[in-house]
1. Taking amide H positions as placed in the peptide plane 1.01 Å from N, state which residues far from SER86 in sequence (5 or more) or on other chains have amide H under 5 Å from it.
2. Report ³J(HN,Hα) in whole Hz for each residue of segment 112-126, in order, from the Karplus equation J = 6.51 cos²θ - 1.76 cosθ + 1.60 where θ = phi - 60°; Gly and Pro get x.
3. List the residues, sorted by chain then number, that are 5 or more residues from ALA5 or on another chain and whose placed amide H is less than 5 Å from its amide H.
4. Output wanted: per-residue J couplings in Hz (rounded whole) for segment 132-149, from phi through Karplus 6.51 cos²θ - 1.76 cosθ + 1.60, θ = phi - 60°, x for Gly and Pro.
5. Within 10 Å of each residue's Cβ, count the other Cβ atoms and sort LYS211, LYS99 from fewest upward.
6. When only Cα pairs under 8 Å and 6 or more residues apart are kept, what is the percent relative contact order across the chain?
7. Taking the beta-carbon count within 10 Å as an exposure proxy, list MET110, MET1 from fewest neighbours to most.
8. Leaving out same-chain residues fewer than 8 places away, which aspartates and glutamates sit with a Cα under 20 Å from that of LYS79?
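Any read-out appearing in this document is the output of simple, stated calculations on the displayed coordinates, not a laboratory observation. These numbers come from a predicted model, not from an experiment. Backbone-built Cβ (ideal geometry, glycine too); neighbour counts: all protein chains shown.
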Amino acid sequence: MIEIAPSILSADFAYLGDAIRSVEPETSWIHVDVMDGHFVPNLTVGAPVVASIRRHTKCYLDCHLMITDPWDYLADFAKAGADSVSFHFEVGRTSELIKMAHDLGMKAGMAVNPDANFDDYSPYIASLDLLLIMSVFPGFAGQSFIPDVLEPLRRARNLITESGLDTVLQIDGGISLETIRASTISGAEVFVAGSAVFGQSNPAQAIRDLKRAASLALEGTK
């Protein structure tokens, strides 16, 4: 699977519905960056915005919770129509959060920062629907890709494959036509792209270009 998950963080919020409609022909995922101004130094959107988006799209709503206390808000996101929530490994209570998400009928994702130790979080991968490896430190759009994350990405892919898991492997941060190639070769299959999609004059074409770059990289490994 190769899927681009456009991040609305880089969209024009005054025309959010139009932005989402512009990419729907090319993707089945929409990525929602939720920031609380505490876990990360930025403040964005919450469950009410997800509920509004849900009324206007059938896309898979992939909600990345960059918040200190996700356990207080999972029910709100489930009610709003989120398909998955990715909470950060760094906030703790990981097993509890996975169970909570599943009990609420959502897919459970776990996000890890670029400096996270793979051996610390790898025991949770088998219980996850999605593992999100951050290729930037979360908080702001438009940051540069950190190449060091390719190693844990490869290790995660090997673990998922060798264990026969269905866990989706996602990468987020600094995704471009150049970095998507290395990320694909290292095992990622869902790519969160903000400015690389919504920062372009033709977002749908930008997704097609990213998918093509990933596909060519994948063909080169065969």
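1. Those qualifying (amide H under 5 Å, at least 5 residues apart or on another chain) are CYS63, HIS64, LEU65, GLY109.
2. Ordered by residue, 3J(HN,Hα) equals 10, 6, x, 9, 5, 7, 4, 5, 6, 9, 4, x, 8, 4, 5 Hz.
3. Here the answer is PHE191, VAL192, ALA193, since their amide H atoms fall under 5 Å of that of ALA5.
4. Per residue, the Karplus-derived 3J(HN,Hα) values read 9, 9, 7, 9, 9, 7, x, x, 9, 7, x, 7, 7, 4, 9, x, 4, 6 Hz.
5. Least crowded to most crowded, the residues run LYS99, LYS211.
6. For the chain, the relative contact order is 21 percent.
7. MET1, MET110
8. ASP33, ASP36, ASP62, ASP69, GLU96, ASP103, ASP129
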